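This report refers to the structure that appears directly beneath it.
The values are calculated or read from the model by the stated rules, or taken from the named source; none is laboratory data. None of these values were measured; they are calculated from a predicted model. Note that we place each Cβ from the backbone using ideal geometry, even for glycine, and neighbour counts take in every protein chain shown. Please note that ligands, DNA and RNA were not included when accessible areas were found on the heavy atoms of the full protein model with its side chains. Shrake-Rupley method; radii C 1.70, N 1.55, O 1.52, S 1.80 Å.
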Amino acid sequence: FFSGLTAMEKKLAEYKCNTNEAIQLKLVRFPEELEDDNTTFNPEYSHQVFGDDEVAFGYKGLKILLYYIAGNLSTLFRIEYTSKVNEKFDCVEADDVESKIREIIPPGFCTNTDDFVSLLEKEVNFKPFGTLLHTYSVHNEEAGDDITYQIYKADMTCPGFREYHERLQTFLMWFIETASFIDVDDERWNYFLVFEKYNKDGATLFATVGYMTVYNYYVYPDKTRPRVSQMLILPPFQGEGHGAQLLETVHRYYMSSPTVLDITGLCQIINSVQLFNTQLVAFSGQNFRDGKNLEFVLQEYVLLAQGTHDIRGQHTRRVYEILRLRATDMGDAEQSRSYRLDVKRRLIGPYKKKQRELAKMRRCLRPEELTNQLNQIDLNMQHEQLEESFQQLVSDYRRVLERLAQA
């Protein structure tokens, strides 16, 4: 019986597919790209659609094709597989992959390549939505030329934007771990879009690069406090600086408005990005690693940061710690120890204050012997909590570095 069960389990295991690998995404400009594997990219996440295991059961060689026309994001959705479970497996059914995908992509998609290519031919008519805020260029080594990008502000009153946004937001499910779709009927949402200009048969076309959503909170009596909700630069464009361009453009847009009180979240992100771009020029990696230079570096760093970015206190220190982590070889025992001690000196402040307060209280409430014993227990807990806080902080900092590398 058990050997039979094991054989069955092995058989069933052959019909499990990793959905991060099965889902194949494309942003298509030319028909020949449909057959070009180099233009395909995969999700980082699929758990919000396929569960925490990120597995689809019931197929061998499963491919979930989600191809988008580069500009207006008209979609081709097709499922392919080499084999599928059948009635030979009692009480076992294949997952309904199609229904799961249909839940997140809007209706009106193509199911065959010919229809998709027909739509691709009409892409020349697609133009960006809304108001142009900023134009910039990035040098492309492969093309040997500068490529022009534009950032637009749009809203739901722009004809065709609602349908476009429904297609665009599907990418959130694959690239932001805790993504959610927003209520587009709420007029307080603003949308900022990045497009690349490219040439096709002598015409200028536009390709979608990424976007940001910002919610405008009302502040009595006549102000708003914008808050960044989600930002995504699509994978083919990551690492080219578009995230920084988008953040800075949005920041300028809001700062020019007299009704904006402040920009929640955005200022800190902006400052971090700008500091990464400017302060690394000012300070070498050695300065960040060398404890002897630490006080001088921080003083200079704070002056620069406060003078150019209006940053204060804790945030400046945290960005410094991120920069120093980037310049530190954590595999080197001496560098790692120096960094750990430096960060823990900051983290230990609240613990020391709490320790002093507890000691005062216990002197009033307990005999001296008990006070010492309890303080010792607290000291042990303090070291554990301090180490836990440090590890969590380093983990958070690494995520920031990864995101900035992609931006």
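Scanning segment 316-341 for residues that are open to solvent by 60 Å² or more (accessible area, probe 1.4 Å) and closer than 15 Å to Asp396 by Cα yields a total of 3. Going through segment 51-62 one residue at a time, which ones are in contact (Cβ under 8 Å) with a residue 40 or more places away in the chain and under 25 Å from the mean Cα position of the chain (by Cα)? Result: Ala56, single match.
To keep it simple, each residue is scored yes or no on (1) touching a strand residue (DSSP E or B) at 6+ places or on another chain (Cβ under 7 Å); (2) surrounded by fewer than 19 Cβ atoms within 10 Å (Cβ to Cβ); (3) within 19 Å of Tyr253 (Cα to Cα).
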{"residue": "Leu172", "(1), (2), (3)": "yes, no, no"}
{"residue": "Thr178", "(1), (2), (3)": "no, yes, no"}
{"residue": "Asp186", "(1), (2), (3)": "no, yes, no"}
{"residue": "Tyr217", "(1), (2), (3)": "yes, yes, yes"}
{"residue": "Tyr220", "(1), (2), (3)": "no, yes, no"}
{"residue": "Met231", "(1), (2), (3)": "yes, no, yes"}
{"residue": "Leu234", "(1), (2), (3)": "yes, no, no"}
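Considering only segment 198-256, state which residues are in contact with a helix residue (DSSP H, G or I) (Cβ under 8 Å, 6 or more places away or on another chain) and among the small types (Gly, Ala, Ser). Those that are in contact with a helix residue (DSSP H, G or I) (Cβ under 8 Å, 6 or more places away or on another chain) and among the small types (Gly, Ala, Ser): Ala203, Gly210, Gly239, Gly243, Ala244. When Thr213, Thr204, Thr249 are checked against the criterion of being hydroxyl-bearing (Ser, Thr, Tyr) and open to solvent by 40 Å² or more (accessible area, probe 1.4 Å), a single residue qualifies: Thr204. Among the residues of segment 36-50, those identified as under 21 Å from Glu93 (Cα atoms) and either more than 19 Å from the chain's Cα centre (by Cα) or open to solvent by less than 40 Å² (accessible area, probe 1.4 Å) (or both) are Ser46, Val49, Phe50. Look at (1) open to solvent by 30 Å² or more (accessible area, probe 1.4 Å); (2) closer than 26 Å to Phe30 by Cα and you find that Asp155 fails only one, number (2).
Is it the case that Gly144 is more than 22 Å from Phe171 (Cα to Cα), touching a Cys at 6+ places or on another chain (Cβ under 9 Å) and either outside the structural domain of Gly202 (by the TED database) or surrounded by fewer than 13 Cβ atoms within 10 Å (Cβ to Cβ) (or both)? Outline the logic, then answer.
Details: more than 22 Å from Phe171 (Cα to Cα): yes; touching a Cys at 6+ places or on another chain (Cβ under 9 Å): no; either outside the structural domain of Gly202 (by the TED database) or surrounded by fewer than 13 Cβ atoms within 10 Å (Cβ to Cβ) (or both): yes.
It is false that Gly144 is more than 22 Å from Phe171 (Cα to Cα), touching a Cys at 6+ places or on another chain (Cβ under 9 Å) and either outside the structural domain of Gly202 (by the TED database) or surrounded by fewer than 13 Cβ atoms within 10 Å (Cβ to Cβ) (or both).
Arg225 satisfies every condition listed in (1) closer than 27 Å to Thr148 by Cα; (2) modelled with pLDDT under 90; (3) of a type in the set (D, E, K, R) except (1).
Consider segment 175-229 and keep the residues that are among the charged types (D, E, K, R) and not in a loop (DSSP other than H, G, I, E, B). The one that is farthest from Ile105 (Cα to Cα) is Lys223. Just to check your reading of the model, which residue among Glu93, Glu166, Glu103, Glu98 is open to solvent by 40 Å² or more (accessible area, probe 1.4 Å), assigned by the TED database to the domain that holds Phe195 and acidic (Asp, Glu)? So the residue among Glu93, Glu166, Glu103, Glu98 that is open to solvent by 40 Å² or more (accessible area, probe 1.4 Å), assigned by the TED database to the domain that holds Phe195 and acidic (Asp, Glu) is Glu166.
Does Val250 meet the test of being under 16 Å from the mean Cα position of the chain (by Cα), closer than 21 Å to Leu132 by Cβ and either part of a helix (DSSP H, G or I) or modelled with pLDDT of 85 or more (or both)?
Working: under 16 Å from the mean Cα position of the chain (by Cα): no; closer than 21 Å to Leu132 by Cβ: yes; either part of a helix (DSSP H, G or I) or modelled with pLDDT of 85 or more (or both): yes.
It is false that Val250 is under 16 Å from the mean Cα position of the chain (by Cα), closer than 21 Å to Leu132 by Cβ and either part of a helix (DSSP H, G or I) or modelled with pLDDT of 85 or more (or both).
Checking the stated criteria, Leu120 turns out to be touching a residue at least 12 places away in the same chain (Cβ under 8 Å), within 30 Å of the chain's Cα centre (by Cα) and either in a helix (DSSP H, G or I) or surrounded by fewer than 11 Cβ atoms within 10 Å (Cβ to Cβ) (or both).
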